[in-house]
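Peer 1: If you scroll down you'll find the structure; I have some questions about it.
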Amino acid sequence: MNQPFAKLLADFRVSIDGTAPSGLAKTGVPGVSFFWDETHIDRAPLLYDTGLVIIGQGHKVGYLGGQQFVYGSEMCLVIGVPVPFECEAHGSPEEPLLGLRVDIDLPALHGLVARLKAKPASEAQMGVKGAPLEGGLLNAVVRLAQSIQDPMDAEVLGSGAVEEVIYRVLQSEAGNVLYALTQHHSAYASIARALERMHSDYRDGLSVEELAQESSMSVSAFHRAFKNVTGETPIQYLKKIRLIKAKGLLVVEGARVEQAAYEVGYSSASQFSREFKRYFNVPPSEADSLPYGAAV
């Protein structure tokens, strides 16, 4: 555990009204959220957006494309593209999971990369990597955590602290995951743009051929690059987006099964129910039994 960082997060948790065992709160710094969890959450599917997940206490385990990512107080998780993560969280009332989620602002990232004189030594392939939380990156993260303790500090110092954190990540072994987003003609950036389309138009009848054409790739090259970046085939990925979105409709909005199926793009409620049960291990009528939390 990085004691100064963990202590700052614990102090911030005390400042938040309420006694909920888990939650997500604004910090006063644009694009930075604080999260906490006093419970153990079993492995469950979530959608992770582009950003950084920085934990000061407790840890999480994520699963993607056959790989396992253990991220806690020793590692910052760097997410370059939206991914359908399967995640378990390890917290307890005695030692809650405490961390920060930092969104990535693409124009700001472009501006920062333009000022760098060197690019990462290797090209990015998979869209998720871990950066050791040490040295300059740890110091920057501590400064960010210090800035959220006071609303005026958050307003005046927060954005600069975020920029330093992202700069340190770009200098780390995981920096290529973010750097590659700014290289418009790379396969990685093309897949990132295809993912944006899939997340906005997941209800529509998107085809791999259409996405490949928009990415200026052959179908086979697009399929290969897509799996390298996300760990999933395009069809698997789109199905997971729809099912996770449907879970939110069922649990949060109280939608009926048929309504949720059609809202996320299924033409058959029975097919939706079969695929929902296969993915979540419970039928959609029992979606309330599934863990549901913020994708951080």
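The values are calculated or read from the model by the stated rules, or taken from the named source; none is laboratory data. Quick caveat: nothing in here was measured; it's all calculated off a predicted structure. Neighbour counts are summed over all protein chains in view; Cβ atoms, including those assigned to glycine, are modelled from backbone coordinates with ideal geometry.
Peer 1: With the condition kept exactly as written, say whether any residue in segment 19-40 is within 30 Å of Ser190 (Cβ to Cβ) and among the polar types (S, T, N, Q).
Peer 2: Checked segment 19-40: at least one residue is within 30 Å of Ser190 (Cβ to Cβ) and among the polar types (S, T, N, Q).
Peer 1: In segment 183-234, which residues are within 22 Å of Ile104 (Cα to Cα) and among the polar types (S, T, N, Q)?
Peer 2: Gln183, Ser186, Ser190, Ser200, Asn228, Thr230, listed by residue number.
Peer 1: If I go through segment 202-227 residue by residue, how many of them are closer than 18 Å to Thr50 by Cα and either touching a Gly at 6+ places or on another chain (Cβ under 9 Å) or surrounded by fewer than 16 Cβ atoms within 10 Å (Cβ to Cβ) (or both)?
Peer 2: Total satisfying the criteria: 2.
Peer 1: Right, another one. Taking into account only those residues within segment 246-263 that are in contact with a Leu (Cβ under 8 Å, 6 or more places away or on another chain) and closer than 22 Å to Arg43 by Cβ, which is surrounded by the fewest Cβ atoms within 10 Å (Cβ to Cβ)?
Peer 2: Filtering first and then ranking leaves Val251.
Peer 1: Sticking with this structure for a sec: Kindly check whether there is at least one residue in segment 62-70 that is buried (at least 20 other Cβ atoms within 10 Å of the Cβ) and more than 26 Å from Ala225 (Cα to Cα).
Peer 2: No: segment 62-70 contains no residue that is buried (at least 20 other Cβ atoms within 10 Å of the Cβ) and more than 26 Å from Ala225 (Cα to Cα).
Table: residues versus (1) assigned to a helix (DSSP H, G or I); (2) touching a Phe, Trp or Tyr at 6+ places or on another chain (Cβ under 8 Å); (3) in the same structural domain as Val128 (by TED's automatic domain parsing).
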| position | (1), (2), (3) |
| --- | --- |
| Ile235 | yes, no, no |
| Lys240 | yes, yes, no |
| Lys245 | yes, yes, no |
| Leu249 | yes, no, no |
| Glu258 | yes, no, no |
| Tyr262 | yes, no, no |
| Ser267 | no, no, no |
| Arg274 | yes, no, no |
| Arg278 | yes, no, no |
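Peer 1: Output the residues belonging to segment 61-98 that are more than 11 Å from the chain's Cα centre (by Cα), under 26 Å from Glu196 (Cα atoms) and either in a loop (DSSP other than H, G, I, E, B) or assigned by TED's automatic domain parsing to the domain that holds Ser200 (or both).
Peer 2: Hits for segment 61-98 are Gly65, Gly66.
Peer 1: Here is a further query. Tell me which residues, restricted to segment 255-275, are among the aliphatic types (A, V, I, L, M) and out of contact with any Lys or Arg (no Cβ under 7 Å at 6 or more places or on another chain).
Peer 2: Ala255, Val257, Ala260, Ala261, Ala269
Peer 1: When segment 204-258 is examined, which residues are found to be polar (S, T, N, Q) and touching a residue at least 60 places away in the same chain (Cβ under 8 Å)?
Peer 2: Of everything in segment 204-258, those that are polar (S, T, N, Q) and touching a residue at least 60 places away in the same chain (Cβ under 8 Å) turn out to be Asn228, Thr230.
Peer 1: Checking Leu211 against (1) under 29 Å from Cys76 (Cβ atoms); (2) in a helix (DSSP H, G or I): exactly one of these is not met. Which one?
Peer 2: (1)
Peer 1: Continuing with the same structure: Assigned to a helix (DSSP H, G or I) and either buried (at least 19 other Cβ atoms within 10 Å of the Cβ) or assigned by TED's automatic domain parsing to the domain that holds Ile241 (or both): is that true of Ala10 in this structure?
Peer 2: It is false that Ala10 is assigned to a helix (DSSP H, G or I) and either buried (at least 19 other Cβ atoms within 10 Å of the Cβ) or assigned by TED's automatic domain parsing to the domain that holds Ile241 (or both).
Peer 1: Report yes if some residue within segment 166-189 is farther than 25 Å from Ala118 by Cβ, touching a Leu at 6+ places or on another chain (Cβ under 9 Å), in the same structural domain as Gln271 (by TED's automatic domain parsing) and buried (at least 17 other Cβ atoms within 10 Å of the Cβ); otherwise report no. Spell out the reasoning first.
Peer 2: Taking segment 166-189 and keeping what is farther than 25 Å from Ala118 by Cβ, we get none.
No, the conditions are met nowhere in segment 166-189.
Peer 1: Which of (1) over 26 Å from Tyr48 (Cβ atoms); (2) outside any loop (DSSP other than H, G, I, E, B) does Lys117 not meet, given it meets every other one?
Peer 2: Of (1) over 26 Å from Tyr48 (Cβ atoms); (2) outside any loop (DSSP other than H, G, I, E, B), only one is false for Lys117: (2).
Each row is one residue, and each column tells you yes or no for (1) assigned to a helix (DSSP H, G or I); (2) within 21 Å of the chain's Cα centre (by Cα).
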| site | (1), (2) |
| --- | --- |
| Val102 | no, yes |
| Ala108 | yes, yes |
| Leu137 | yes, yes |
| Met152 | yes, no |
| Leu157 | yes, no |
| Arg168 | yes, yes |
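Peer 1: Take the residues of segment 143-156 that are closer than 20 Å to Leu112 by Cβ and in contact (Cβ under 8 Å) with a residue 12 or more places away in the chain: which is surrounded by the most Cβ atoms within 10 Å (Cβ to Cβ)?
Peer 2: Filtering segment 143-156 for residues closer than 20 Å to Leu112 by Cβ gives 143-144, 147, 156.
Checking which are in contact (Cβ under 8 Å) with a residue 12 or more places away in the chain leaves us with 143-144, 147.
Working: Arg143: 17, Leu144: 26, Ser147: 24.
Among those that are closer than 20 Å to Leu112 by Cβ and in contact (Cβ under 8 Å) with a residue 12 or more places away in the chain, it is Leu144.
Peer 1: Look through segment 107-134, keep the residues that are surrounded by fewer than 15 Cβ atoms within 10 Å (Cβ to Cβ) and at pLDDT below 90, and return whichever of them is farthest from Gly65 (Cα to Cα).
Peer 2: So, considering only residues that are surrounded by fewer than 15 Cβ atoms within 10 Å (Cβ to Cβ) and at pLDDT below 90, the one farthest from Gly65 (Cα to Cα) is Lys117.
Peer 1: Sticking with this one: Filter segment 14-44 down to the residues that are in a loop (DSSP other than H, G, I, E, B) and among the hydroxyl-bearing types (Ser, Thr, Tyr), then identify the one that is farthest from Lys247 (Cα to Cα).
Peer 2: Within segment 14-44, the subset in a loop (DSSP other than H, G, I, E, B) is 16-21, 27-31, 38-39.
Now drop any that are not among the hydroxyl-bearing types (Ser, Thr, Tyr), which leaves 19, 27, 39.
Numbers: Thr19: 26, Thr27: 28, Thr39: 21 Å.
Only one residue fits best here, namely Thr27.
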